[in-house]
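Trainee: First the structure, which I've put down as structure tokens, then a few questions once you've had a look.
The values are calculated or read from the model by the stated rules, or taken from the named source; none is laboratory data. These figures come from a predicted structure and were not determined experimentally. Quick reminder, even Gly has a Cβ in these numbers, built from the backbone with ideal geometry, and neighbours come from all protein chains shown. Side chains are part of the model used for accessible areas, which takes the heavy atoms of the whole protein and leaves out ligands, DNA and RNA. Shrake-Rupley method; radii C 1.70, N 1.55, O 1.52, S 1.80 Å.
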Amino acid sequence: MPNHTKETIRATPILELYRANNRFRKALHTLVREVANGHLKPDEIESYVSNSMEDIIAAESWLQQSLSKSKPGFASYLENFKPEEIFNRLLTKDDDLQNRVEADGCGLGGFPHEQPVQEVQNNFNILLDYLNRHTGMDLPFCDFFLTGIPISFDNLGLVLAGWLMCVEYVHNLKRPPHLAELQPLTKLTKPLLKNCQHLIEQLRQQHSTYIELTQQVEFWINEELEAMQPEDLGKIDTFKQEETKVLESAVQALIAGNWIKALNWAESRSKTDSFWLKHDRSRRIVWSLVKVAATLGQTIEQDVNPLQNVNSLREAMDYYTTTGYQIDKVHRYFEQQNFQLLETTLPYYAQLVTVKNILRQKYRTWADTLAENFANICVKSGFLPEADLQQRRIYDRLIHPLTQSERRTAYFIIDAFRYEMATELIEKFKETGTTVNLQGCYSELPSITAVGMNVLAPVQQSGKLTLAGNKGFMGFKTGEYTVSKPSDRVQAMGDKSIDNISAGRRKARSLTLSDVCHKSTTSLKQSCANAHLIVVHSKEIDGAHKPPNSIRRGQAKRGASRGTTPYDAGEANVDIATFEIWLQQIKSAWHHLKSIGIQEFVFTADRGFLLQDETTQEITYGTKREPQRRYVLSDEPRQENDTVTVSLNALDYEGQQGYLLFPKTTAVFATVNNQNATFVHGGNSLQERVIPVLTVSHQQAASTPKILKYVIEAQVEPELFGFSRIKLKLKPESISLEGLAFVGMEKVNLALRVHDRADILITIKEAVGVELNNQELYLQADETWVEILFDLRGNQDERVRIEIFHPDNVAEIEPLTLTSYFNVSGALIKDKSSSEPALKSNNSDWQDSFSDANIKQVFLHLDRHNSLTETELNQMLGSPRQARRFAGNLEQYLTQVPFSVKVETTSNGKRYVKY
């Protein structure tokens, strides 16, 4: 309380309030330092505090006496400015301040008097005294920093910047400074330290000036910086050499296998607001690669002998669904990050490639050990698990009971939906009134789409499966027909669960994942009207990357003659970044179906997969035409090295006789096709066999109208590092809705796509100032601009428009199609033997983007005739002046058309050529 002590307050009515609260007291020496800070020299303050201070009354008298001294002339002038103002004027070598130092007062007409040398030196000393009082900078430091160069007005700004940087540096060190001249800086009082921190933060806001000054200061204290070790440094990187030292050491730690050390450095960097990372995208990327690499290395290190002391398929399932899947999840993320971010232009690129190769081999060793140990368990206890772990019983055990209730059910049958991928969705599905459960099941063998997709329909009879055809996996018989394609599966489900219910309900409704994601709410509601069971098939990867016609024709012929399994497109060469988009679509489909009243959801898969790379081993078996990549179907039992065999009878298959041969490890058989596939399946590894069964149950059907309306705004920015760049923000549609923005939604997710072009993949490389997860941006509707870097890849070079949309469809947000066109790189993996043409985009809408009819005609001419001479341009635009204006604005115009134009110089003038 002002004007009171703990004794005097007892005589006031405020005593009860005083006792009920906490007292905040300061020591007398702290109080004196804070009050005197900036008014007296640090030495004077410390001398009084250490030797003469008696009590608060004496201290107040001393301060009043010290501060009552008049400060005439230049000293008085300086007191009118805050330290940050003087600092800025020193950095810019302000003429007015320099004149004040060299001339004290004004003569006739307001012009400064010329001062004698001694007077100028006195003024300069007053300026040094001012800086000393506010920052603690003293003459010994100036002499050390300049090493023999006289201090002057011209270099005083640099010296002060050096002082501030050195103060921050030494107070961030975990040990005393190496140089003796910097050790006194560690004794700076807290008020002075606070002043210095404020000034250097202000300097950092002028980032170009800060970078230039740090380079100069680093030169002057190079001996100190050479002595530092990464372990010496704290969280603040004053100098770029600090950031470089830590980053370099983290990369070396990865190469040496010191995962924990590298991970600790990476995590500390992700939690700090480092100046150098904020202004250097390449360093941010390297740190993200370091972090995911260290995480993978450490995760594997904690489980070097998987399935140790495990003796049954149930125990193996328990191990994988609690421990093993985590390694596969981190490994997939590691591969995705390297695929998306590892560029040749990055610092430490060669070392990062070495790290990638080390970790790929480390993962392969772990995965091979896991696969071999699991194969040994299968040999001892059988390949077919207990009933509740069998894929063939999922429908009868979970889906059929749901269809007999009044609640509507969505059954997602997803291609290659690995168990670890399902774990990413659990938290996204959890909300009030919702029950989420995830368990694992074993896929049938071989773990291929032709088997796994069809057994998810009700095709088992007393646990047995009847194979169709004479040889191979062409579907399963049930009743009078064979289940081998999506329509057959839905028919089998309807026959068992829907058609025999006399409640007037329709048959089960079949949709694709793409249908659910892209239909409007009204259209989706109409499609699912009265449907009690909605079956959502997802073969997005298979559908987008079909094999060449030659392969399909060849396999069809062999299938007809030998009964082999048709081409299993899951082994196609797909972009590993596709998995992120896939998870985004699954979540969006759930949101969309929930919004139209679906209450029960079951998500499961046909099988998992193994990622392939250069560490994958190949096994030779007969000719390359006999085996599939991960299994062999044989008429006779075979015992080959490093393989295991199981009969079809042992798997409770009927209708055919034969044997399946699998590699014990993650190795593949040498085959004619798919030798460079991104991933493989068909084998007996846990990554291929453990599939998720993810159930989501909502207590009540969603019926709340979408009262939250937002608007997307976007700006196209020039390319950066070869990537397309935009800025975007999200805001409430109107002022009246701003108060509702908090209701039910903290963040809104947005994503990028090329409308009606599933063959073009957009990969967001970096999102500055916003959360990025599975290629979704999570924004707050606070009208803050965020910067997005992305690239587009397809089967051919072209230019397209992109659309920004709200994939979850929870809020009412109109998709925004940008008027500018973006470059697509024809870099997606594509088999050259394919005769199927790439999808064509309808680009005629670009014509509407030109308000000037003459400019529009110029680009129509270029589009149709591929070239335009300068003479023709003058005629079309009406004058040479308009032609020159067109040339000056050409770059801007090109953002509005789906093609590029180059300018050639000929003997007859300029020539514009479309390409």
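Trainee: What is the percent carbon and sulfur in the accessible area of the chain, measuring with a 1.4 Å probe over the protein chains and ignoring ligands?
Mentor: About 48 percent, which is the carbon plus sulfur part of the accessible surface.
Trainee: Please report the spacing between the Cα centers of segment 779-823 and segment 575-639 in Å, no decimals.
Mentor: 29
Trainee: Students often check this: by mean Cβ neighbours within 10 Å, which of 182-188, 603-609 ranks highest, and how do the rest follow? Show your work: numbers first, answer last.
Mentor: Working: 182-188: 15.9, 603-609: 27.4.
Highest mean packing first, the order is 603-609, 182-188.
Trainee: As a quick test, which of the pairs Lys507/Lys539; Lys380/Lys471; Lys519/Lys587; Lys428/Lys594 have an alpha carbon distance above 25 angstrom in this structure?
Mentor: Lys380/Lys471
Trainee: Something else: Quick check on the chain: helices-only [θ] at 222 nm, where DSSP H runs of length 4 and up contribute -39,500 (n - 2.57) each and the sum goes over total residues. Nearest 500, please.
Mentor: -12000 deg cm²/dmol
Trainee: Run down the lysines and flag those whose C-alpha is under 20 Å from the C-alpha of Lys910, throwing out any fewer than 8 positions away in its chain.
Mentor: Filter leaves Lys856, Lys902.
Trainee: Using a 1.4 Å probe, what is the accessible area per residue for the chain, in Å²?
Mentor: Dividing the accessible area of the chain by its residue count gives 47 Å².
Trainee: Using the alpha-carbon atoms, what tilt in degrees (0 to 90, nearest 10) does helix 578-595 show relative to the longest principal axis of the chain?
Mentor: Compared with the principal axis, the helix lies near 80 degrees.
Trainee: Of the listed peptides 299-310, 408-419, 896-907, what is their order by residue-averaged count of other C-beta atoms within 10 Å, with the highest listed first?
Mentor: On the way: 299-310: 15.2, 408-419: 25.4, 896-907: 13.5.
Highest to lowest by the protection proxy: 408-419, 299-310, 896-907.
Trainee: Need one number: % antiparallel among DSSP beta bridges in the chain, to the nearest 5.
Mentor: Looking only at bridges with both residues in the chain, the antiparallel portion is about 75 percent.
Trainee: Next up: By how many degrees, between 0 and 90 and to the nearest 10, does the Cα long axis of helix 240-255 differ from the longest principal axis of the chain?
Mentor: 30
Trainee: Let me ask another. Would you list which aspartates and glutamates come within 20 Å of Lys430, measuring only between C-alpha atoms, while excluding same-chain residues fewer than 8 positions from it?
Mentor: Glu420, Glu580, Glu600, Glu746, Glu771, Glu776, Asp808
Trainee: Applying 1/(1 + (r/R0)^6) with R0 = 30 Å to the Cβ-Cβ distance of Glu904 and Leu342, what FRET efficiency is obtained, to the nearest 0.05?
Mentor: 0.20
Trainee: Now for a different question. List the trypsin sites (Lys or Arg not before Pro) within segment 214-245 that fall in a DSSP loop (any state other than H, G, I, E or B) and whose Cβ has at most 14 other Cβ atoms within 10 Å.
Mentor: In loop regions of segment 214-245 (DSSP not H, G, I, E or B), the sparsely surrounded trypsin sites (Lys or Arg not before Pro) are Lys235.
Trainee: Rounded to the nearest 0.05, what FRET efficiency do Ile149 and Ala180 give with R0 = 22 Å and r taken as the Cβ-Cβ distance? Could you check?
Mentor: Numbers: r = 20 Å, r/R0 = 0.91.
The pair Ile149/Ala180 has a calculated efficiency of 0.65.
Trainee: Now for a separate question. I'd like the FRET efficiency for Gln439 and Ser647, computed as 1/(1 + (r/R0)^6) with the beta carbon distance as r and R0 of 35 Å, rounded to 0.05.
Mentor: Efficiency for this residue pair is about 0.80.
Trainee: Per the Debye formula with a single identical scatterer at each Cα and no solvent contribution, what log10 I(q)/I(0) holds for segment 264-381 at q = 0.19 Å⁻¹?
Mentor: With no solvent term, the Cα-only Debye profile gives -0.98.
Trainee: Which cross-chain or sequence-distant (5 or more) residues have an amide H under 5 Å from the amide H of Phe417, H modelled 1.01 Å from N in plane?
Mentor: Close amide H contacts, sequence-distant or interchain: Asp606, Arg607.
Trainee: Helix 259-271 versus the longest principal axis of the chain: what angle, 0 to 90°, nearest 10, using Cα atoms?
Mentor: Taking the Cα atoms of the chain, the angle to 259-271 is about 60 degrees.
Trainee: What does the highest-first list of 662-669, 121-128, 371-378 look like by mean Cβ count within 10 Å?
Mentor: Numbers: 662-669: 24.5, 121-128: 17.2, 371-378: 20.6.
Per-residue Cβ counts within 10 Å, averaged per peptide and sorted highest first, yield 662-669, 371-378, 121-128.
Trainee: Enumerate the lysines that Lys261 could reach by cross-link, defined here as Cα to Cα under 30 Å, with residues fewer than 8 away along the same chain left out.
Mentor: Filter leaves Lys174, Lys235, Lys240, Lys245, Lys271, Lys278, Lys291, Lys329, Lys356, Lys362, Lys765.
Trainee: Please tell me the relative contact order of the chain in percent, rounded to the nearest whole number, where contacts are Cα pairs under 8 Å and at least six residues apart.
Mentor: Taking the mean separation of contacting Cα pairs over the length of the chain, I get 9 percent.
Trainee: Quick one: compute the contact order of segment 264-381, relative version, from alpha carbon pairs under 8 angstrom and 6+ residues apart, as a percent.
Mentor: Details: 74 pairs, mean separation 46.0, N = 118.
In percent, rounded to a whole number, it is 39.
Trainee: For Glu783 and Arg881 in one chain, what is 0.36 nm times their gap in residues minus the Cα-Cα distance, to one decimal in nm?
Mentor: 31.2 nm
Trainee: Starting from the exponent 0.38 and prefactor 2.2 Å, build the expected Rg for the chain from its residue count and divide its actual Cα Rg by it. Don't skip to the answer; put the middle values down first.
Mentor: Numbers: Rg = 36.1 Å, N = 915, 2.2 N^0.38 = 29.4 Å.
So the Cα radius of gyration is 1.23 times the expected 2.2 N^0.38 Å.
Trainee: Quick one: net charge of Glu243's neighbours, Cβ under 10 Å, K/R +1, D/E -1?
Mentor: Net local charge, Glu243 excluded: 0.
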